[in-house]
Structure formats: structure tokens, C-alpha cells
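Working notes for the structure below.
We did not get these values from a lab; they are worked out from the coordinates using the rules stated. All values reported here derive from a predicted model rather than from experimental measurement. All Cβ positions, glycine included, derive from the backbone under ideal geometry; neighbour counts span all protein chains shown.
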Amino acid sequence: MRLLRRSKSAFCHLQNFGSARLTIVQINLQESPFATPNLVVLEQYICVVIFLQKQIHRKMATKDFTTTLLVDQTPEEAFSAINNVRGWWSEEIEGDTYELNAQFDYHYKDVHTCKIKLIEFVPSKKVVWLVMDNYFNFTEDKSEWKDTKISFEISRKDNKTEIRFTHLGLVPEYECYNICRDAWSNYIGHSLLNLIVTGKGNPNPKEGGFNEQLLEQHQKSLS
């Protein structure tokens, strides 16, 4: 926040919201000896600016990758499937995925590795992972996922179960965003969905699989 001008009755400053910069004017009409109808108009203008500020902040807050599933199965069944990470994400998961504070490792060849900790674990309602460490071999910043959070929120909606997946911190500004968006769209929208509905997911195998196809597409897009 940078102070631009200050007087006895008013001050003005700039506040940053990513690429958005808004000038917010604050004025105390009761203390000002110059309270006129024009200042009343100004006060109304301030309200509009603050409203727009909140809208921009809300819009930016939704840039994290998110997707939603709606199934006939119960929240308990959805919760159980989510925690069976080997059953829908990758066969190469090492570690515990079924309790609070558990940690597990994910890796795909020398392309992507990460260490994850379960920081929220509310049966049939919510699971949150923290990415403690991460490595990509195809991005300039090798640790782009580090300190991001991966959330699964479960709720009932119209006699169905809704699973809202959000990767908090995975935003379009990341170099890995497109390939990670496509990967999550497959593993959540198809593999996890299938595991919940049919009992059999489509995790990435130790050899070949969706990750290999995705990496080939990514490399072609760069050539």
C-alpha cells in the first residue's frame, strides 16, 4: 500500500490486487469543514469504488483451478474413494493417505515428484492436502506447486453428493497451469468419478498411461 496524499480531513492511497490497481479515497465528512453536496456525491463514488474493489478481489480469488462432481453415491462413499489415492491418481503413491497429518509421496518418472501432507481430514465432509515440496522438470520454477493446497469438499445437493475439488494456488500465471489443469481434469473428472461410481478408477500406471500422453502433447506444443 502506498500513501499518495494526506490532509487533515482526507487521504488517498493505492492498493494492489495483482494486476488491478484501484485508487481508494477515504474522507471523514464529519470532521471536514468543507462538507458540501459535492462531497456527498464523492462519498457515493467511494462506495462504488469499494464495491468494484471487492468484485475484483472475488474474481481473482476464483482463479485457482476448480472442478465439481455430482454423483448418486453417499458422502461416505465419496470420502472413501478420495482417500484411495492409488485408486484414482497414481499407482506410484508411497505412504499413508487415510488419516490426519499423514504424508505421502507422488512421482512420475523424473518429470514430477511431490511430497504431500493431509492437513484437514473431516470424515464425509472435507480433505485438504498441503504440498510440502515439489519438483517439475519442465518448468523454469521447478517448485511451482510448493505450499499450494489441494481441497476436496463434500456436501449434499438435491439428493446427490457434490464433490468440489480445488487446487488452491494453481493459477493461470503458473507455467505448469495448462498441463496441470488437463491432468486434474482427467484424474478428477474421469478417474475419481469412475472410482466413486463403479468402484474402479483409472490411475496412472507405472508405465505409459495418461501422464505419458499428456507429456507428449505438451512437448509437441512447445516445438
Restricting to aspartates and glutamates and to Cα separations under 15 Å from K109, and discarding same-chain partners fewer than 8 apart, the set is E91, E92, E94, E207, E212, E216
Magnitude of the Cβ-charge dipole (Lys and Arg +1, Asp and Glu -1) of region 65-222 about the Cα centre, nearest 20 debye, reported as 420 debye
Whole-Hz Karplus couplings 3J(HN,Hα) for region 189-197, θ = phi - 60° and coefficients 6.51, -1.76, 1.60, Gly and Pro as x, run x, 10, 5, 5, 4, 5, 5, 5, 7
Hits in region 79-120: amide N under 18 Å from the 7 Å Cα→Cβ extension of R156, namely 79-80
Taking a label point 7 Å from the Cα of M132 along Cα-to-Cβ, the residues of region 80-118 whose backbone nitrogen sits under 17 Å from it are 93-107, 113-118
Here the relative contact order (percent) of region 65-222, from C-alpha pairs under 8 Å and at least 6 apart, is 27 percent
In whole Hz, the Karplus estimates of ³J(HN,Hα) for region 132-147 (6.51, -1.76, 1.60; θ = phi - 60°; x where Gly or Pro) are 7, 8, 7, 9, 10, 9, 10, 10, 5, 8, 5, 10, 3, 7, 4, 6
